[in-house]
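Heads up, the thing below is written out as structure tokens.
The values are calculated or read from the model by the stated rules, or taken from the named source; none is laboratory data. Predicted, not measured: the structure shown is a model, and the values here were computed from it. FYI the Cβ positions are ideal-geometry reconstructions off the backbone, even for glycines, and counts take in every protein chain you see. Surface accessibility is based on the protein's heavy atoms, side chains included, excluding ligands, DNA and RNA. Shrake-Rupley method; radii C 1.70, N 1.55, O 1.52, S 1.80 Å.
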Amino acid sequence: MLILRDLSYIHPNKDVLFKNISLTVNNLDKIALIGNNGVGKSTLLQIISGKLQQSTGRLEVEEKPYYLPQIYGQYDHFSIAQALKVEAKLRALTSILNGRVSEEDYEQLDEDWDIETRCAEALVYWQLSDLNLNQSMRTLSGGQKTRVLLAGITIHQPKLVLMDEPSNHLDLTGRHQLYRFIESTSRTLLIVSHDRRLLNLLDSICEMNQQGISVYGGNYDFYVQQKQLERDALSHTIQSKERIWREAKKKQRETVERQQKLDARGKRKQVKSGMPKIMMNKMKNDAENSSSKLKSVHLKKIDGIKQELQNLRSLLPDIDKIKFGFEHSSLHKGKILFAASNLNYSYETQHVWDLNLHVEIRSGERIALKGKNGSGKTTLIKLILGDIEPHEGTIKRADFKSVYIDQDYSLINTNLSIYKQAQRFNTSILPEHEVKIRLDRFLFGRETWDKPCSTLSGGERMRLMLCCLTINHHAPDMIILDEPTNNLDIQNIEIVTRTITAYQGTLIVVSHDERFLEEIGVQRVIELK
């Protein structure tokens, strides 16, 4: 079905994105492609789809793949029919049915007489029956655009399907529908995703880095188990090597001390025996040379072990190098932070909620805020933060410190460097070296401190945002996260999960990632309709 042999891709500026990528995808395989952001997963899918040309290596594809890219608005100037690549066929069919027959129309239709029916059935299947094929893609939400392109699979019926982060813009209903499709389809799938529930539906996990692809013959849970075994084995090897290094240093110290005692004893004997000074100097030089050689041998051995240890430590996953930790919120658990009765808000004359809300939030709670797009989640967040006031009902707010991390990470000033951004949160006036230590703990080493925040990926911005919160002497009493795992790779999702798990204050999370919500210990759901 699909064979990649030693593929590489080099950017026009000569930077190597990846090399030596080899992979075989057999008929009916359902395979996940994962890896840290920036390793080239999306580029690889574009090469397979024919949209890009590899720099070196061989690509064999038996069937023309159907490619569903990440949705950024690149289809906004298309109609739905154009995005689905059915406009010409539908126009030809209409001309033929209206009696305006031409050979060109028949060639365009290519015996595809049920194209209109398949389009209608596909839109119904993906819950888009209210859309018109002539409608502009610009008028659709991100989730609707994704479902339109998913409908293309039903219309074109390809044997090989490539998907790049298909669940990113989908709400919970849309995700569940995508999961059902993946489980039931007989098509060959190659999917780039960080959605761990989706990854558990696939047969194999392929982990990509710049040097190649490692294949794990099972779903995501199996992959996690195997990676943990690898990490445990590496950790055991590092501990063993550290023990050898300590023993080598101890032996060196003992050898030097023993040699010094022997030299001192020999010198005393020489003095007592009345040995000529010239002979004593020669014996002293010989002893010093012998000690120096002995010391050199030990140092060489220790340096060799130290280098091996550094090489082993460099293989540790970045997540294992991070030190997590928040200061505790100063508020006692159970204190009412926000209480609202008969709450509603209006845009022009339209109420946000059909029924007025009754909401209470207490200190220390972990709450998931759920609802379809347009259900008023952002409005409720603004009311909780005091950014807007209700048009109906009453609100009581306690005095609490909050941080809202939106999907655009707008708390990050893209005009600042990483270090200067961190200093903005240094309200307790930590010394410079301590701020840099905190940055280093979150994988922002010395070489990154002057890097502008504008160049950071979504995962890096989230990691920097979390680092900034640990720099602040007083942890926020409430953190509100809006789709925190969107566009993050699996490593950064794990970083966010561990950091938020360590946080002891009040947490409100808007997320369609059910596994993430489970892992951070959500206790209550506020469902908006």
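Side notes on the structure shown:
- Count of region 151-185 residues which are among the hydrophobic types (A, V, I, L, M, F, W, C) and within 21 Å of Ser511 (Cβ to Cβ): 5
- Candidates are the residues of region 380-411 that are aromatic (Phe, Trp, Tyr) and in a loop (DSSP other than H, G, I, E, B); the one that is modelled with the lowest pLDDT is Tyr409.
- Candidate set: region 385-413, residues that are hydroxyl-bearing (Ser, Thr, Tyr) and under 20 Å from the mean Cα position of the chain (by Cα); chosen: the one most open to solvent (accessible area, probe 1.4 Å): Ser410
- Residue count for region 185-224 under the criterion of being open to solvent by 50 Å² or more (accessible area, probe 1.4 Å) and touching a Gly at 6+ places or on another chain (Cβ under 9 Å): the result is 3.
- Taken over region 1-55, the criterion of being part of a strand (DSSP E or B), out of contact with any Lys or Arg (no Cβ under 6 Å at 6 or more places or on another chain), open to solvent by less than 60 Å² (accessible area, probe 1.4 Å) and not β-branched (Val, Ile, Thr) is satisfied by Leu2, Leu4, Leu7, Tyr9, Leu17, Phe18, Leu23, Lys30, Ala32.
- Those residues of region 421-460 which are basic (Lys, Arg) and modelled with pLDDT under 90, in sequence order: Arg438, Arg441
- Any hit, region 469-487, residues being assigned to a loop (DSSP other than H, G, I, E, B), among the charged types (D, E, K, R) and within 15 Å of the chain's Cα centre (by Cα): yes
- In the set (1) in contact (Cβ under 8 Å) with a residue 12 or more places away in the chain; (2) out of contact with any strand residue (DSSP E or B) (no Cβ under 9 Å at 6 or more places or on another chain); (3) of a type in the set (Gly, Ala, Ser), Ser8 fails one condition alone, (2).
- When the test is whether a residue is over 34 Å from the mean Cα position of the chain (by Cα) and surrounded by fewer than 12 Cβ atoms within 10 Å (Cβ to Cβ), Glu87 does not pass it.
- Residue match in region 368-375 (condition: of a type in the set (D, E, K, R) and surrounded by fewer than 17 Cβ atoms within 10 Å (Cβ to Cβ)): yes
- Residues within region 207-224 that are over 16 Å from Asn37 (Cβ atoms) and in a strand (DSSP E or B), tallied: 5
- Qualifying residue in region 58-79 (condition: of a type in the set (Gly, Ala, Ser) and buried (at least 16 other Cβ atoms within 10 Å of the Cβ)): yes
- Matching option when the condition is of a type outside the set (S, T, N, Q), more than 14 Å from Thr146 (Cβ to Cβ) and in contact with a helix residue (DSSP H, G or I) (Cβ under 6 Å, 6 or more places away or on another chain), among Leu93, Leu68: Leu93
- The one condition in (1) within 22 Å of Asp164 (Cα to Cα); (2) in a loop (DSSP other than H, G, I, E, B); (3) touching a Phe, Trp or Tyr at 6+ places or on another chain (Cβ under 7 Å) that Met462 fails to fulfil: (2)
- Each residue in region 112-159 was checked for being among the hydrophobic types (A, V, I, L, M, F, W, C), open to solvent by 50 Å² or more (accessible area, probe 1.4 Å) and touching a residue at least 40 places away in the same chain (Cβ under 8 Å), and 0 pass.
- Taking residues in region 238-250 that are farther than 14 Å from Leu312 by Cα, and partners anywhere that are open to solvent by 50 Å² or more (accessible area, probe 1.4 Å) and not polar (S, T, N, Q), the pairs with Cβ atoms closer than 7 Å and at least 6 places apart or on different chains are Ala248/Lys301.
- Filtered residues of region 502-529 (kept if at pLDDT below 90 and either assigned to a helix (DSSP H, G or I) or of a type in the set (Ser, Thr, Tyr) (or both)): Ala502, Tyr503
- Boolean, Asn311 is at pLDDT below 65, more than 30 Å from Ile182 (Cβ to Cβ) and assigned to a helix (DSSP H, G or I): no
- Qualifying residue in region 140-147 (condition: outside any helix (DSSP H, G or I), aliphatic (A, V, I, L, M) and at pLDDT below 95): yes
- In the set Leu469, Leu488, only one residue is within 30 Å of His169 (Cα to Cα), surrounded by fewer than 21 Cβ atoms within 10 Å (Cβ to Cβ), in contact (Cβ under 8 Å) with a residue 40 or more places away in the chain and not polar (S, T, N, Q); that residue is Leu469.
- Number of residues in region 349-379 that are part of a strand (DSSP E or B), more than 19 Å from Asp513 (Cα to Cα) and in contact with a strand residue (DSSP E or B) (Cβ under 6 Å, 6 or more places away or on another chain) equals 7.
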